[in-house]
Structures are given as C-alpha cells and as structure tokens.
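Q: Handing you this structure, nothing more for now.
The values are calculated or read from the model by the stated rules, or taken from the named source; none is laboratory data. None of these values were measured; they are calculated from a predicted model. A quick note on method: Cβ atoms are made from the backbone with ideal geometry, for glycine too, and the neighbour counts reach across all protein chains shown.
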Amino acid sequence: MKLTSLLFTLLLFSGATYAELNKELTNDESKPTIIALAPHIVEMLYDVGAGEQIIGTTSFADYPEAAKKIPRIGNYVRLQLERVIELQPDLIIAWKSGNPSDDLARLEQLGFNIIYSSPHTFEDIANEVRSFAKITGHTVQGEEVATKFEQALIKIKKRYQDKTEITGFYELWSRPLTTVAKGSWPQQFLNICKVKNPFEHVITPYPQISIEQVLPASVELIIQPLSVNQKEREAFNWEDWSIIPAVANKQILQPDADAMHRMTLRSLTALKDLCAEIDQTRSFLQQKHS
Amino acid sequence: MNKVSTSLFALAILVILSALAAITFGPADIDSSQLMACLIGSCQNQIANIVIWQVRIPRVLVALVAGMGLAIAGAILQNTTRNPLADPYLFGIVSGAGLGATIANISLADNLTIALPLAAFLGALFSVIIVVFIAKVLQRMEQLLLAGVAVSFMLASITQFILYFGEPFATNRVIFWLMGSLARVEMSNFYVIASILLIAMITVFALHRQIDALLLGDESAASLGVDVDKLRLLMLGICAALTATIVAYCGGIGFVGLMIPHIVRQLIGVTTLKLIIGSALIGAIFLIWVDVIARSSLPHAEIPIGIITSALGSIFFLFIMYRSRAIT
C-alpha cells in the first residue's frame, strides 16, 4: 500500500544532521521562528521569503533544496515533543488533516502558538500564502506571489473554459484501482482542464472502483500520475483493455504526481502542463472525428 | 524470606531502577547534572524542566501502570478462563476502541482531546458487553474467547466501512492511533489508570483463593462454594475496565497481556497471588523499556509502541508453541 511504502522511505531517509541553525535565527522580534509541520507549508514559507525562519520540520520536506537542511522533529505519524520544546519556536504551523491531532493538542496545552494550514482548492493556496506571509513578517512578498498566482490561475481558467469537454479517467492508484471524485484535490485539475470525470459524483472523494465500471464510460483519455519516489510502482496495465477508446488511441498521460498532489504554488505549473497535454488529446480527437 | 519473595523483592527494586533510568533517555539533549537538578526542583534550565516534568515523567509513569495493568489483566483472564491464550485484546477491546476512535475522528474532529479517549473507552466497553451477552445467550462462558474473536471482526468491519466513506486522512489518524503510543500522555492519565489499577488489584487480592479454585475446574470450584459464573463475570469486568482505560489513552499495545503472565509462570509461580504480583512487576519493567526503545531508537522520529510489543510478542508466542510441542 502507498502508506506502507511511504512509511518505509521515511524510516530510511531520516538521517539528516542537526544543524545549529536555530541559535543564529532567533533574534529578530518581527520575524518569528517557525516549526512547519508539512512539506507544503515549508514550500509556501520559502515562497514568501520566510524559509530561513524555519527551525524544524517533518520528513519529506524536500523542496526547495535548502529545506533538506532543516532539522527534522518527527513525521506525519508522530512528533517528537521533547525536540519541539527544546527548539522553542515562536510559531508552529501545522497541517490540520495531516498531523497527529493528539500531539498538536499536547503542544497547545504546553502553551505553543499553533496556526493551521488546510488548503483544499487553488484559491486556498493563495489565501494561505498571504496569511503565512503576514504572520512571518513578509507581507509585501506574500502579496506579490499570491497575486501573481491568482492572475496565472485566472489566465489558465480562461484559456480552457470554452473548450469542449472530453471524458477522462484519473488513475490515482492501481491496486486497488482508485480514482477521484468531487471534493478531492485532483478533481479541480479535471474541472479546469475541461475533463469530464465519469466518477465525479461518487459519494467518497477517493473511490475504489473496478475495471468493469470504467469500460462502459467510453473514456477518451487516461491520466496516470506517477511519482519519482515510487520507482517500483506498477501502474495499471491498460494495454489489456484496447476496447477503451483512450487505450486504442494511446491517449494515456503520465504527469508528475509529486508536483500535482502537493498543495503549493508549484501545483499551478502542473495544472498548466496537464491542461496543455489534455488539449493535445482534444485536438487529436477532433481531427479523428472530422 | 523464601525464594519467591526474594525474587519479587528483587523485581520491585528493578522496577524503581528502570523508571529512574528511563527518565534519562529521550531525544532532547539533557545531561545528568541538569537532570538531577531538575528532579530535586532546582532547575536552571526552563526547557529541561518542562521536558522532564511534562513529557518524560508522565510517560515513564504511564508506561509503569499501563504495563502493570495489561499484564495483570492477561493473568486474571488466563487463570479465570483456564485458557493460556486468553488476552484482553481477544475480547474485541481493541477493535471496539478502534471503532470509537474512528467515530470520534470522523464526527468530532474539532474536539479530539476529550472525545477520542472517551469514545475509545466506550467502544472498548461496548465490545466486552456484547461478548459477555453472546456468551450468556449461548449459556457457555467457556466460549467467551470465540465470541470475542467474532465480535472483533464484526467491529473491525464497521470501522473499515466508516473509514472508506470518510475523510481520507481520518484513516491515517486511526491506523496510527491504533499502533499505540505513550507520546500523548500527561499526568492526569497516570492518575486515572493508577486508580483503576489499584481497585483491580485489591479486588483480585481479596478473591485470589476463589480464582485459584477455578484453576481446578468449574465443578471442583463450585463444590468448594465458589459462584463460578459470577466470579468470572466480575473478573472480566475488571479486566475490561482496566484495558479499556489503558487503550483509550495509549492506543493498541498488543501482546503484553499474553506474554508477561507466561514468563511469570516460568519464573515465579502459577497461583493467582504470585502470578498477579509477578505480572505487575515484570509488565511494568517491560513497558518502561519498550517505550525507551520507541522514543529514542530513531534520531528524528518515534516508533509506535504497539509495533515493538507486537513484534516481540509474536516471536514469544511462537516460542511457546514450539516448547509445548517439545513437551508433548
């Protein structure tokens, strides 16, 4: 399972060095020291210029390059309370749904100042960038990158809003075959790029389905995001199902899963690339039909 | 002093030494002079003071009482059911707690500090009540364990169904919660577990002769004037309350209840009084040291404690099976 493989990588890669970073950084009153408890939070803080203020983070915070040097104080299963107390951050930014809630509750009890990140849409990203920038003393730069992000988003939305919809299947995971539905993060990509998801209205955001349900949907496009961290991952073998139009026409896209699934400013580049690739499929289908 | 009291005395000393030694382990960098200063209340370093008094000492104390509690619950159940494989977890207590935790995670996500242990406790108690009810209906108390296994699976399937349709991250939270950890404990948890443990031990000490009579078989016990079903139900209730409380605060810490009493039988004796005291002491030492491994073996993370106890426990379990094969 995805979870177990993540757990293993995280056990293997937890060998970073404790830097003496924190001591040098704690002096400026208006620039609080921060413990950022998720990779996307670290990335946002670097985007607004607050990267140097981060004194601790969790496993997998690997972007930008400088983030790899931040001391680790736990992972998404458990935080090391002792280390957090030792570092004495002015501020902890936690991921509402991804961090252990009991550890956070304990930290709040001990008097730490915690704010939460919980982005669900592209618009949320811009809003969080603004509020993190403000609280870390980088209001100007935050406003700048957030506005730039929003304008780029509008531009992409405009470019595709009048395109004809094509039916696409989003393969989130292959064993068991799992797709996305409304309320999930990737569904926004499909909406903006004008892809009709036959499973959009399923009740759970990440439904498991069977190939039998995919067959009658006459899917014209298959999106199969792959992650660089999962080299051994076996994608679903669509070659056996040439009855599906997307397979017969070889319209299977394999975008970078890491760029798409991390909720940061970078996700917009992933959106732009994906929409452009999908548009190629659209032109191909139009040519074929005419 | 005879041989048994000597070894129990030695174990008691070992418990105290283990607890003291365990306070010196942890990811925060605190040297021994600082540690001594903080322990006697003349701490210069505020950070070290918080780490020791609010993180390490509660953890070590909860490990102590949770280890005692789980081990004696196992010992009581094994003696009252005359089944060497009885373990509080086989009565569906963990799957009940898991169901409670799941419901709390899905529906009460904003108030988890109180809701989670409470829901887990109620879930655990609920599962025991169903198990006892089924065994009563079947009129066969000796089938408690089988009923427990069935109820376990039933509750687990409900949990999985809820998780499948719930928020995706809730699954992670529940799974990791069930792996067990002492990282979240605080002093108030220690007081609650310790008081239930005290009540349980007093009750068992008062009834230890009756429980010993059960070891001879139900008919023999009845002929000695023991109300077999009533006694068994009372003991089950005590074990359930004890285990449910521990699970509510610490998550799933498997196999302690199963393996510790077997070690005690080899080392100290099989009658209830010796078994209970021995189990309490060895259980405490065991869990204190397992928690030390959990919090200090990886440089930047913790290992959930249930993983370590289950790993050690399952190997031990196979060892017992191998030994019993050699004897017969």
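Q: Return yes when B:Ala66 is crowded, with 17+ Cβ neighbours inside 10 Å and within 13 Å of another protein chain (Cβ to nearest Cβ) and no when it is not.
A: No.
Q: Test B:Leu61 against the stated conditions and say whether it is under 15 Å from the mean Cα position of the chain (by Cα) and either within 14 Å of chain A (Cβ to nearest Cβ) or surrounded by fewer than 24 Cβ atoms within 10 Å (Cβ to Cβ) (or both).
A: It is true that B:Leu61 is under 15 Å from the mean Cα position of the chain (by Cα) and either within 14 Å of chain A (Cβ to nearest Cβ) or surrounded by fewer than 24 Cβ atoms within 10 Å (Cβ to Cβ) (or both).
Q: With the structure loaded, tell me whether B:Ile106 is of a type in the set (Val, Ile, Thr), crowded, with 23+ Cβ neighbours inside 10 Å and either within 14 Å of another protein chain (Cβ to nearest Cβ) or closer than 27 Å to B:Thr272 by Cβ (or both) or whether it fails that test.
A: Taking the combined requirement at face value, the residue does not satisfy it.
Q: If a residue must be touching a Phe, Trp or Tyr at 6+ places or on another chain (Cβ under 9 Å), assigned to a strand (DSSP E or B) and within 14 Å of A:Ile223 (Cα to Cα), how many such residues does region A:182-212 contain?
A: Matching residues across region A:182-212 total 1.
Q: Right, something else. Just give me the residues in region B:1-43 being within 14 Å of chain A (Cβ to nearest Cβ), farther than 23 Å from B:Pro299 by Cβ and either assigned to a helix (DSSP H, G or I) or touching a Cys at 6+ places or on another chain (Cβ under 7 Å) (or both), in sequence order.
A: Correct list: B:Cys38 only.
Q: Where residues in region A:74-93 are assigned to a strand (DSSP E or B) and modelled with pLDDT under 90, which of them is nearest to the other protein chains (Cβ to nearest Cβ)?
A: Among those that are assigned to a strand (DSSP E or B) and modelled with pLDDT under 90, it is A:Gly74.
Q: Here is a further query. Keeping to region A:51-72, report how many residues are of a type in the set (Val, Ile, Thr) and facing chain B (nearest Cβ under 7 Å).
A: Looking only at that region, the number is 0.
Q: Follow-up. Given the residues B:Ala221, B:Ala248, which is the only one that is in a helix (DSSP H, G or I), crowded, with 16+ Cβ neighbours inside 10 Å and touching a residue at least 24 places away in the same chain (Cβ under 8 Å)?
A: On the way: B:Ala221 fails: touching a residue at least 24 places away in the same chain (Cβ under 8 Å).
None of the other options fit; the residue is B:Ala248.
Q: So, one more: Considering A:Leu274, A:Leu285, A:Leu265, which residue is touching a residue at least 12 places away in the same chain (Cβ under 8 Å), among the aliphatic types (A, V, I, L, M) and surrounded by fewer than 20 Cβ atoms within 10 Å (Cβ to Cβ)?
A: Being touching a residue at least 12 places away in the same chain (Cβ under 8 Å), among the aliphatic types (A, V, I, L, M) and surrounded by fewer than 20 Cβ atoms within 10 Å (Cβ to Cβ) holds for just one of A:Leu274, A:Leu285, A:Leu265, which is A:Leu285.
Q: Given (1) away from every other protein chain (no Cβ under 14 Å); (2) closer than 30 Å to A:Glu220 by Cα, where does A:Ala126 come up short, assuming only one miss?
A: The single condition A:Ala126 does not satisfy is (2).
Q: For region B:44-58, enumerate the residues that are touching a Leu at 6+ places or on another chain (Cβ under 7 Å) and more than 7 Å from chain A (Cβ to nearest Cβ).
A: Passing the criteria: only B:Ile52.
Q: Within 26 Å of A:Asp124 (Cα to Cα), surrounded by fewer than 19 Cβ atoms within 10 Å (Cβ to Cβ) and among the charged types (D, E, K, R) - does that describe any residue in region A:199-221?
A: Yes: one or more hits.
Q: Right, here's the next one. A:Thr164: more than 29 Å from A:Gly56 (Cβ to Cβ) and in contact (Cβ under 8 Å) with a residue 24 or more places away in the chain, yes or no?
A: It is true that A:Thr164 is more than 29 Å from A:Gly56 (Cβ to Cβ) and in contact (Cβ under 8 Å) with a residue 24 or more places away in the chain.
Q: Let me ask you something else. Mind listing just one residue for me: the one in region A:212-227 that is of a type in the set (S, T, N, Q) and under 25 Å from the mean Cα position of the chain (by Cα) and, of those, modelled with the highest pLDDT?
A: Taking region A:212-227 as the starting set, the residues that turn out to be of a type in the set (S, T, N, Q) are A:213, A:218, A:224, A:227.
Pick out the ones that are also under 25 Å from the mean Cα position of the chain (by Cα) and you get A:224, A:227.
Working: A:Gln224: 91, A:Ser227: 77.
Looking at residues that are of a type in the set (S, T, N, Q) and under 25 Å from the mean Cα position of the chain (by Cα), I get A:Gln224.
Q: Looking at A:Gly111, is it surrounded by fewer than 19 Cβ atoms within 10 Å (Cβ to Cβ), at positive phi, within 13 Å of another protein chain (Cβ to nearest Cβ) and out of contact with any strand residue (DSSP E or B) (no Cβ under 6 Å at 6 or more places or on another chain)?
A: So A:Gly111 fits the description; yes.
Q: Are any residues in region B:130-142 part of a helix (DSSP H, G or I), exposed (fewer than 14 other Cβ atoms within 10 Å of the Cβ) and free of Cβ contacts under 8 Å to residues at least 60 places away in the same chain, and if so, which ones?
A: The answer is B:Phe133, B:Val137, B:Leu138.
Q: Considering only region A:166-181, state which residues are assigned to a loop (DSSP other than H, G, I, E, B) and surrounded by 14 or more Cβ atoms within 10 Å (Cβ to Cβ).
A: A:Glu171, A:Leu172, A:Ser174, A:Leu177, A:Thr179, A:Val180, A:Ala181
Q: Of all residues in region A:29-73 being without any contact (Cβ under 8 Å) to a residue 40 or more places away in the chain and part of a helix (DSSP H, G or I), which is surrounded by the most Cβ atoms within 10 Å (Cβ to Cβ)?
A: For region A:29-73, the residue satisfying everything is A:Val42.
Q: Go through A:Lys134, A:Lys157 for me and flag whichever is at pLDDT 90 or above and either outside the structural domain of A:Pro89 (by TED's automatic domain parsing) or under 17 Å from A:Leu274 (Cα atoms) (or both).
A: On the way: A:Lys134 fails: either outside the structural domain of A:Pro89 (by TED's automatic domain parsing) or under 17 Å from A:Leu274 (Cα atoms) (or both).
After ruling out the rest, the residue left standing is A:Lys157.
Q: Continuing with this model, one more query. I need a count of the residues in region B:1-28 that are of a type in the set (Phe, Trp, Tyr) and in contact with a Leu (Cβ under 6 Å, 6 or more places away or on another chain).
A: The qualifying residues number 0.
Q: OK, next. Condition first: without any contact (Cβ under 8 Å) to a residue 60 or more places away in the chain and touching an Asp or Glu at 6+ places or on another chain (Cβ under 8 Å). Now tell me which residues in region A:126-148 satisfy that.
A: Of all residues in region A:126-148, those without any contact (Cβ under 8 Å) to a residue 60 or more places away in the chain come to A:126-127, A:130-131, A:134, A:139-140, A:143-144, A:146-148.
Matches in region A:126-148: A:Ala126, A:Arg130.
Q: Would you be able to say whether some residue in region B:176-185 is surrounded by 14 or more Cβ atoms within 10 Å (Cβ to Cβ), more than 14 Å from chain A (Cβ to nearest Cβ) and of a type in the set (A, V, I, L, M)? Don't jump to the end; show me each part of the working.
A: At the first step, the residues of region B:176-185 found to be surrounded by 14 or more Cβ atoms within 10 Å (Cβ to Cβ) are B:176-185.
Restricting the remaining residues to those that are more than 14 Å from chain A (Cβ to nearest Cβ) gives none.
For region B:176-185, residues surrounded by 14 or more Cβ atoms within 10 Å (Cβ to Cβ), more than 14 Å from chain A (Cβ to nearest Cβ) and of a type in the set (A, V, I, L, M): absent.
Q: If I ask for residues that are among the aliphatic types (A, V, I, L, M) and buried (at least 18 other Cβ atoms within 10 Å of the Cβ), which ones from region B:208-218 would you list?
A: Quick first cut of region B:208-218, residues among the aliphatic types (A, V, I, L, M) only: B:211, B:213-216.
The answer is B:Ile211, B:Ala213, B:Leu214.
Q: Please specify each residue of region B:159-171 satisfying the condition of being more than 7 Å from every other protein chain (Cβ to nearest Cβ) and without any contact (Cβ under 8 Å) to a residue 12 or more places away in the chain.
A: Result: B:Gln160, B:Phe161, B:Thr171.
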